[in-house]
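Here's the structure, in structure tokens; my notes come after.
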Amino acid sequence: MATETDNAVKTEAPAEQKPVTAAKGIQVTEKALARIRAAMAKENVDPAQGGLRLGVSGGGCSGLSYNIRFDTQPRERDRIFQFGDVRVFVDPKSYIYLHGMTLDYTETLMQQGFAFVNPNSQKSCGCGSSFSA
């Protein structure tokens, strides 16, 4: 698990930054950070401007689906979490379901990819990309 909780910051508006406690924020493991950095370089996403957007939308076999993509800049009401040179953007509606979550990266013989370790998830499907709260 990333030990950079002290570096994570929440931004309600671009000018206002407050510390976020580990229990209420978003955490990202070192393995996930390494993969995010590599993918950002491959996709030409400037870390000073852009970052990784985590979100939740309706759908999937359990009711809600995780979304993960790169964004060129944060939106006005996003919460921004900083992990060294990697920023993670979360919109206010998604944050309701994602607070306290850890983003990990797993590599096994059967599969590889990002894994959402979400304490707010009541149940999830077998693929791990959808859940219910």
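The values are calculated or read from the model by the stated rules, or taken from the named source; none is laboratory data. Quantities reported herein were computed from a predicted structural model and do not represent experimental measurements. So basically every Cβ, Gly included, is an ideal-geometry build from the backbone, and we count neighbours across all protein chains shown.
Within the range 1-53, the set of residues being of a type in the set (Asp, Glu) and at pLDDT 50 or above comprises 30, 43, 46.
Scanning the range 52-76 for residues that are surrounded by 13 or more Cβ atoms within 10 Å (Cβ to Cβ) and either in contact with a helix residue (DSSP H, G or I) (Cβ under 7 Å, 6 or more places away or on another chain) or on the phi > 0 side of the Ramachandran plot (or both) yields 52, 54, 55, 56, 60, 63, 64, 70. Restricted to the range 105-121, and to residues that are assigned to a strand (DSSP E or B) and small (Gly, Ala, Ser), which residue is nearest to the chain's Cα centre (by Cα)? Checked the range 105-121; the qualifying residue nearest to the chain's Cα centre (by Cα) is 115. Every test in (1) modelled with pLDDT of 80 or more; (2) crowded, with 16+ Cβ neighbours inside 10 Å is passed by residue 121 save one, and that test is (1).
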